[in-house]
Structure formats: structure tokens, C-alpha cells
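Take a look at the structure set out below.
What follows is calculated from the coordinates using simple rules that are stated; it is not laboratory data. What you see is a predicted model; the values in this text were computed from it and never measured. Here Cβ is always computed from backbone atoms with ideal geometry, including for glycine, and neighbour counts include all displayed protein chains.
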Amino acid sequence: AVSLVLPALAQQRVNNASNKSQTTPLDMNEGDPEAHLFSQKCSGCHTIGRGNMVGPDLDIVVSWASSDLEVNIKRMEKFVGALSADDVKDLVQLLKDPKAKDRLKAEGERAIAPQAGSEPASANVGHNLFCGVDQFKNGGLACISCHHIQGSGGTMGGDLTEVASKLGETALASACEEPSYPVMKTIYNNHPVTRQEALHLTKYFMSLPKEKPSQGDPPVGMLGTACAAALLGGIAFFYRHRNISVRTRLNRR
């Protein structure tokens, strides 16, 4: 019986995926596995049809051969962790779909929509989860243990002060709920962050002000200008006395 069920499930997955691009809008409750995978693994660096980020806009690859896409996607493992053969095929299918941008938008709206009966996302709750004031439901490590914000927190991970402006709300929510970075994935594999907790954290990150340049240290360019001005002033002062000395000697003659 199992041998009959597995092929049927596999075929159903293929049929569902092929029907995604023909359904507009997508069912918000059903979700889109391929778009979700892209949001989780790729959206931190790439968009489809929304401009360049850390990496290029992938809207241009729709015309690439599937084999070329598979090779290039596989190369991204060093940044996002292991990608199974099915993951690669799902991402290729999404990238080849002319409606990929619409699918990602629908999946993004679903990802940040509050679950039925859940409380609205709160920046204050997100702050408490980040700092460890409140514990994660599944016992996960507080973010501040590894990450810092505005100079406070751990240093093992990166500075998250401007993570919202770099990733955007959808990618950030996905990264909080299902981190794809190898170290984070190991830490939270057995202590998953709930979707509601991810939305609280996202709300907190979105509320952070952007860092401003420190007022205490003058920019390097200003220091260089000041030094040059001082040097020229010194030279002018020296030659001023020298010129007077020469004129005095000539007058005496």
C-alpha cells in the first residue's frame, strides 16, 4: 500500500505546483511551497522583478535553460545551506514561471498575515523575545545571545539594527520563523520559532530607527582637509617671514 501511496503523493505535488501559476490570486491559506522556499532561501539577497539587492534581480533568468539554473542554484549552498534535488527543481520551476513575481507577492502576504485567533504583532513583545525577557514557546535561544542591536548584545552573529531595511518584511518574517543559515538552523531545529513569535520579532525589527553616523568622530575627509589647511598655513607663515627678511636686506643696500 505504501508503494502505491508515495508515487501518488509525488504526482499530486507536481500537479499542485503546475497549477500554482494558473491560479490568481493564490489561496492564502494553502500557500505556495515553491514561493515559500524562495522567500526562505533566496529573498535575503535576490528579488524577482523588484530590482537588485545584494545579488541581481532574477527576473532575467526566466529565459535561461533549466540545466543552467540548476547549476547556479546549487552554487548558492555555501550561502544558504544544503539544497536537496527537489529544492533545486522547485526553485527552477518558480524562476521559469512568468508569474513568479505575483506568486511571491501572494506568498509574502500570507507569510506576514496573522494566524486566525492570534494576537496582533507587537514590537514590544518582539523586543522581549529578542532580549530574553520572555522565553520562546519551544525553548529556543534568545536572539541577543548571538546578535546585537545598536551596540548591545552578542557578537557571534551580525548586527541586526538595519536588518529590516536590508531584507524587507516578508523575507525577515521567513528568516525568523525558518532560519536557513546553517548555525541558526542547527540551534533552532529542535526549538522552532512559532509563526506568531516570528511576526513579533519582525515588528520589532521594523520599528528600529536607522543608525546615524557618530557625531563624535569627524569624517576622514574632513580630517584630511584640516591637516592640509594647517600645513599650507605653516608654509605660508614661514615664507612670509623669509620674504620680509630678504626685502629688509635689499633696502639696507
When the label point is put 7 Å from the Cα of LYS137 along its Cα-to-beta-carbon vector, which residues of the stretch 153-184 have a backbone N closer than 14 Å? 177-178
Between the stretch 69-132 and the stretch 160-194, what is the C-alpha centre distance in whole Å? 10 Å
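Would you mind checking LYS105/LYS203; LYS101/LYS203; LYS74/LYS96; LYS89/LYS203 for any pair whose Cα atoms are more than 27 angstrom apart?
In this structure, LYS89/LYS203 lie more than 27 Å apart at Cα.
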Tell me, in nm to one decimal, what length is gained between SER145 and ASP159 on full extension, where the rule is 0.36 nm per residue of separation less the Cα-Cα distance? 3.8 nm
What Rg and what Dmax come out for the stretch 89-160 when only alpha-carbon atoms are used, in angstroms? 17.3, 45
From phi via Karplus (6.51, -1.76, 1.60), per-residue ³J(HN,Hα) for the stretch 92-98 in Hz, x at Gly/Pro: 4, 4, 5, 5, 7, 7, x
Extending each Cα 7 Å along its Cβ direction at TRP64 and ALA113, get the distance between those two points in nm, one decimal. 3.1 nm
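Would you kindly state how much longer the chain becomes between SER152 and ASP57 on full extension, computed as 0.36 nm times their sequence separation minus their alpha carbon distance, in nm to one decimal? Please report the intermediate quantities before stating the final value.
On the way: separation 95, 0.36 × 95 = 34.20 nm, distance 3.36 nm.
Once the chain is fully extended between SER152 and ASP57, it gains 30.8 nm.
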Using alpha-carbon coordinates alone, the radius of gyration and Dmax of the stretch 85-206 in Å work out to 15.3, 45
